[in-house]
Amino acid sequence: MDDTKRLGTFADKHKMMVGYHGHTKTGPLDWETALGYARYNGVNLDLGHFIAGLNTSPIPYLKAHHDRVTHIHVKDRKLNNGPNVPFGEGDTPIKEALQLIRDNTWNIQATIEFEYPVPPGSDRMKEIAKCAEYCRAALA
């Protein structure tokens, strides 16, 4: 957290937004601390880590802090530190997050973070195409 204070000072000075990425143990209190240090400290909200580590939906956090979310990492995971899984097979509210961003016209980039094991008979590029299609369908 000390680094978020130091980097935040630099970010504020140069009016350059910084989006910090947390993992499964990073929660709202951690984000509040970092955001409190500097106006240009932001959140790279990893939807999969949030659901798996905190066992709760990231949607309320996204609604409350959308103005400080620089981008989201889109991946699907199971609750209780569960594994990364193909999109649509986990507990992450991917569709809801994408639709929320779209419907509110928030300037938040969504980035697919491909982390689940490639199934037999497929390859990484085919799986990433499936992830992209899942996201497109969610926004159709």
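The values are calculated or read from the model by the stated rules, or taken from the named source; none is laboratory data. Just so it is clear, the model here is predicted, and its values are computed rather than measured. Note that each Cβ is placed from the backbone with ideal geometry, even for glycine, and that neighbours are counted across all protein chains shown.
Summary table below
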read-out: Residue check for Gly48: surrounded by 14 or more Cβ atoms within 10 Å (Cβ to Cβ) and within 16 Å of Ile112 (Cβ to Cβ); value: yes
read-out: Verdict on Ile101 being under 29 Å from Arg39 (Cα atoms) and in a strand (DSSP E or B); value: no
read-out: Gly88, sole failed condition from (1) of a type in the set (Gly, Ala, Ser); (2) over 24 Å from Thr26 (Cα atoms); (3) within 17 Å of the chain's Cα centre (by Cα); (4) loosely packed, with under 15 Cβ neighbours inside 10 Å; value: (2)
read-out: Failed item, numbered, when Ala110 is tested on (1) farther than 30 Å from Arg6 by Cβ; (2) buried (at least 16 other Cβ atoms within 10 Å of the Cβ); value: (1)
read-out: Inter-residue pairs, beta-carbon under 7 Å, first within 13 Å of Val85 (Cα to Cα) and in region 118-139, second loosely packed, with under 14 Cβ neighbours inside 10 Å and at pLDDT 95 or above, 6+ apart; value: Val118/Arg124
read-out: Residue match in region 120-127 (condition: touching a Leu at 6+ places or on another chain (Cβ under 9 Å) and basic (Lys, Arg)); value: no
